[in-house]
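Okay, structure first, notes after.
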Amino acid sequence: MDQYGTFRVGGRAEAICFPSELALLRQVVSYLSNSDIPYLVVGRGSNLLVRDGGIEGVVIILKGELTNILKDSGDGETLRAGGGATIGNLLSYCAGNGLSGLEFLAGIPGTMGGAVFMNAGAFGKELGEMVEEIAVVTRQGETEVMDRSQLVFSYRQLSMAGGTVIYSVKLRLHRDTEAEIRDRILDHLKRRRESQPLDLPSAGSVFRNPPGDYAGRLIERAGLKGTRIGGAMISRKHANFIVNSGGARAEDILSLMDLARNRVRDMTGIELKPEIRIVGRE
Ligand SMILES: Cc1cc2nc3c(=O)[nH]c(=O)nc-3n(C[C@H](O)[C@H](O)[C@H](O)COP(=O)(O)OP(=O)(O)OC[C@H]3O[C@@H](n4cnc5c(N)ncnc54)[C@H](O)[C@@H]3O)c2cc1C
């Protein structure tokens, strides 16, 4: 799985499949469910830590039609993106079509499915605010459309039944000029480059921010910036990032997470909780 996640670590999955249209996705999901074979849908793997023992069962990665971006008919201020569409492609599309609202996502290396599932956020905004409806394949392989009123977004999370795959997302945006949108995208990218270690593999923020504080600030205060275990290191630039500085194993990253959690707990009594999703066998 090291090829399918931004940390560049992790053992093998038993199988990976790349459905390129809705009918195939439905078939795969219902076959796996009926056969009691576990599955995990993966976007860019930019919020995942796959353990070294690999993944039991099948990884599903959306491709083809499931990555398309379409302007929605109607008032011209909505669009539909496939669950597998990357945030980068979506932002290019939005800029080119004068649609504003998603600029805060610039630099987040995920897919729409992953970003909605994680309620991705930055600079005080969250993607959930713009989601008008999502279309999913249920564990039984049925399709279902869920509108805003049925969606419960919270900090870095959308509540959803396990095994549900988001294959399409409808977003409500607003009109602006291409130049203004591109300026904001560039500004957000610049601010990220200044504060985040983007030159090394990572999965973004490792821990959730505890109420009223920042995980990065607490880890920095614990004196852990630059601490290494194996090929993993707590970033010197941003203490809530663990980077793969070369040849890291998932085990190294997990050990650094334990160290940070223990030191912060001893120092403040605060229990840091992971933001990244840890999957697979030890
Ligand atoms: C450098 C860097 C910076 C980052 N900055 C931010 C940031 O500012 N804000 C932020 O919120 N995040 C940030 N992240 C984390 C990450 O990019 C986001 O959470 C992103 O939205 C995850 O998308 P993904 O497609 O990579 O999901 P993945 O990591 O592949 O998956 C994450 C979870 O979503 C589920 N999932 C994926 N696709 C689907 C789908 N189609 N249907 C249902 N479930 C699905 C997976 O099963 C998994 O549980 C950053 C990561 C990096 C590497």
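The values are calculated or read from the model by the stated rules, or taken from the named source; none is laboratory data. All values derive from a computational prediction rather than experimental measurement. Using ideal geometry, Cβ is built from the backbone for each residue, glycine included, and neighbour counts are taken over all protein chains shown. Note: areas computed on protein heavy atoms with side chains; ligands, DNA, RNA excluded. Shrake-Rupley method; radii C 1.70, N 1.55, O 1.52, S 1.80 Å.
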Item to complete: Find the residue count for the range 195-225, including only residues that are open to solvent by less than 20 Å² (accessible area, probe 1.4 Å) and not in a loop (DSSP other than H, G, I, E, B).
Response: 5
Discussion item. I'm told Glu77 meets every condition in (1) away from the ligand (no atom under 14 Å from the Cβ); (2) on the phi < 0 side of the Ramachandran plot; (3) out of contact with any strand residue (DSSP E or B) (no Cβ under 6 Å at 6 or more places or on another chain) except one. Can you identify the failing condition by its number?
Written reply: (3)
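Listed here are the residues, each with its yes/no results for (1) more than 19 Å from Glu142 (Cβ to Cβ); (2) open to solvent by 60 Å² or more (accessible area, probe 1.4 Å).
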| site | (1), (2) |
| --- | --- |
| Thr6 | yes, no |
| Arg12 | yes, yes |
| Phe18 | yes, yes |
| Val59 | yes, no |
| Leu62 | no, no |
| Ala81 | yes, no |
| Asn89 | yes, yes |
Discussion item. Checking Gly74 against (1) touching a helix residue (DSSP H, G or I) at 6+ places or on another chain (Cβ under 9 Å); (2) in a loop (DSSP other than H, G, I, E, B): exactly one of these is not met. Which one?
Written reply: (1)
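If I go through the range 106-143 residue by residue, how many of them are part of a helix (DSSP H, G or I) and either more than 18 Å from Leu62 (Cβ to Cβ) or touching a strand residue (DSSP E or B) at 6+ places or on another chain (Cβ under 7 Å) (or both)? Give the derivation first.
Keep residues of the range 106-143 that are part of a helix (DSSP H, G or I), which gives 112-117, 127-130.
The next check asks that each one be either more than 18 Å from Leu62 (Cβ to Cβ) or touching a strand residue (DSSP E or B) at 6+ places or on another chain (Cβ under 7 Å) (or both); those that pass are 112-113, 116-117, 127-130.
Final tally of qualifying residues: 8.
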Worksheet, complete the sentence: Filtering the range 253-270 for residues that are in contact (Cβ under 8 Å) with a residue 40 or more places away in the chain and either farther than 19 Å from Asp213 by Cα or in a loop (DSSP other than H, G, I, E, B) (or both) leaves a count of 3
Fill in: Residue, nearest to Met118 (Cα to Cα), within the range 18-41, restricted to residues that are under 19 Å from the mean Cα position of the chain (by Cα) and not β-branched (Val, Ile, Thr)
Leu40
Worksheet, complete the sentence: Residue hits (the range 162-194; surrounded by 13 or more Cβ atoms within 10 Å (Cβ to Cβ) and part of a strand (DSSP E or B)) are Val165, Ile166, Tyr167, Ser168, Val169, Lys170, Leu171, Arg172, Arg175
Response to the item:
The condition from (1) away from the ligand (no atom under 16 Å from the Cβ); (2) at positive phi that Gly204 misses is numbered (1)
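Could you check the range 23-55 and list, in sequence order, the residues that are assigned to a loop (DSSP other than H, G, I, E, B), surrounded by 16 or more Cβ atoms within 10 Å (Cβ to Cβ) and more than 9 Å from the ligand (Cβ to nearest atom)? Talk me through it step by step, then tell me what you get.
Our first condition is that a residue be assigned to a loop (DSSP other than H, G, I, E, B); within the range 23-55, this holds for 35-38, 42-47, 51-54.
Filter once more, so that each one left must be surrounded by 16 or more Cβ atoms within 10 Å (Cβ to Cβ): 42-47, 51-52, 54.
Across the range 23-55, the qualifying residues are Arg51, Asp52, Gly54.
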